[in-house]
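These notes concern the structure reproduced below.
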Amino acid sequence: MAGNIYGSLFRLTTFGESHGAAIGGVIDGCPAGVELDLNDIQNDLNRRRPGQSSIVTQRKELDQVTLFSGIFEGKTTGTPIGFAIYNTNQKPKDYSHIQDSYRPSHADYVYDKKYGFRDYRGGGRSSARETASRVVAGAIAKQFLAPVTINAYVSGVGQLKLKTNPSEVDLSKIEENIIRCPDAKIASEMEDLIKKVRKDGDTIGGVITCIIKKVPVGLGEPVFNKLHAELGKAMLSINAVKGFEYGSGFQGTQKKGSEHNDLFNSDRSTKTNYSGGIQGGISNGMDIYFKVAFKPVATIMQNQSTINSKGEKVDMKGKGRHDPCVVPRAVPIVEAMAALVLADFTLIKRANKL
């Protein structure tokens, strides 16, 4: 199976399955001498882990990361950083009913047809549990990138939307509620909606907004390796993501050029930031901001018609422990993938100067 490596100079290889012994990864290319706060790495994992609140899957995994190599006396050594997160609360029997059947809107069918064999325990390699490895790598990339800061938050659940402009959001309030929305009132409404949907045995989608500050000018390439293109690729590699837009996004199509152009100030900043911090595929020093759309979780606790491996129609109802809405736990995943993209382009920019 290909496609387990992300990045060119700052590279992450992940391994493991949802209900296997462990998941983990190897980070290659991280420069030596980066001082790491291991608590920050674990904190990002805690923000992603299951069972953290009443509105997420109740699978009880502590998600404690074990670091094997590449770090000595609190600093990176420049050698591969190997790590693992051991699975301690697997319940593969929850998936025995889909051993020969395909869950609607899951990867079961295409995985089976592509490889001729699949791990049906929670989707195996196609499970979103794999993203915990990305969070570890992203947490290390964030510390390498300092003073660049990356903050994501929930800006939509179903029809509920946070209307505050990203530049005006109080980022300090993101972690003050279980939704990870920086507006307490909207967060409470989102929480109530998720609880209602869960009670109905259903799921709902949402939107995450990410803001990256203190980005230097010059990250990204002008043709195929545009910064926004790589950010889009990174976000679309996350399970359940259905859309990505940066800067003014689709709303920018409603403006005239005279309204949309970002005019320069004398200090080379721009009066507006419809470009989202990226012009010509290259960072311009302004804040980068983008939105990521997540579909409703495919596993629902309702009867659905599907087919089995013989092509026969069967009825299926979801079992086990699943998120009614994935976005509260996906916030650190979005941050992690953004960090991996920026870390990679930072090293590419350094290499181009040699």
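Quick check on segment 239-354: take the gyration tensor over C-alpha atoms, sort the square-rooted eigenvalues as a ≥ b ≥ c, and tell me if it's rounded (a/c under 1.5), prolate or oblate. Because a/c hits 1.5 or more and a/b exceeds b/c, segment 239-354 counts as prolate.
According to the Kirkwood relation over distinct C-alpha pairs, the hydrodynamic radius of segment 27-144 is 16.3 Å.
With a threshold of 18 Å on the Cα-Cα distance, the over-threshold entries among LYS142/LYS214; LYS213/LYS271; LYS114/LYS242; LYS242/LYS295; LYS185/LYS291 are LYS114/LYS242; LYS185/LYS291. Translational diffusion coefficient of segment 125-244 (Stokes-Einstein, Kirkwood radius from Cα pairs, 20 °C, 1.002 mPa s): 131 µm²/s.
Could you work out the relative contact order of the chain, using alpha carbon pairs under 8 angstrom and six or more residues apart, expressed as a whole percent? The partial results should precede the final answer.
Details: 715 pairs, mean separation 78.2, N = 354.
Averaging sequence separation for qualifying contacts and normalising by length gives 22 percent for the chain.
A cut-off under 13 angstrom between Cβ atoms defines the neighbours of LYS173, and their net charge, with Lys, Arg +1 and Asp, Glu -1, is -3. Taking the C-alpha atoms only, the angle from helix 184-199 to the longest principal axis of the chain is near 20 degrees. Sorting 71-84, 248-261, 299-312 by average packing, meaning the other beta carbons within 10 Å per residue, from highest down gives 71-84, 299-312, 248-261.
For segment 141-149, backbone phi angles converted through the Karplus equation (6.51, -1.76, 1.60; θ = phi - 60°) give residue-by-residue couplings of 4, 4, 6, 5, 7, 3, x, 4, 10 Hz, Gly and Pro being listed as x.
Under a Cβ-only charge scheme (Lys and Arg +1, Asp and Glu -1), can you give me the dipole magnitude of segment 5-353 about the Cα centre, in debye to the nearest 20? The partial results should precede the final answer.
Details: 47 positive and 37 negative charges, 137 e Å.
Dipole magnitude for segment 5-353 comes out near 660 debye.
For the chain, the mean residue ellipticity at 222 nm estimated from helices alone is -8000 deg cm²/dmol, where every DSSP H run of n ≥ 4 contributes -39500 (n - 2.57) and the total is divided by all residues, rounded to the nearest 500. Legend: P(r) of the chain from all alpha carbon pair distances, 20 Å bins from 0, whole percents, reading 29, 57, 14, 0.
Computed from Cα positions, the angle between helix 227-236 and the longest principal axis of the chain comes to roughly 10 degrees. Against the chain, whose longest principal axis is taken from its Cα atoms, helix 327-353 shows a tilt of about 40°.
Got the relative contact order for segment 73-175 handy, in percent, Cα pairs under 8 Å and 6 or more residues apart? Don't skip to the answer; put the middle values down first.
Numbers: 35 pairs, mean separation 16.9, N = 103.
Worked out over segment 73-175, it gives 16 percent.
Bear in mind that the values in this text are calculations on the coordinates, not laboratory data. Just so it is clear, the structure is predicted and the values come from calculations on it, not from any experiment. Using ideal geometry, Cβ is built from the backbone for each residue, glycine included, and neighbour counts are taken over all protein chains shown.
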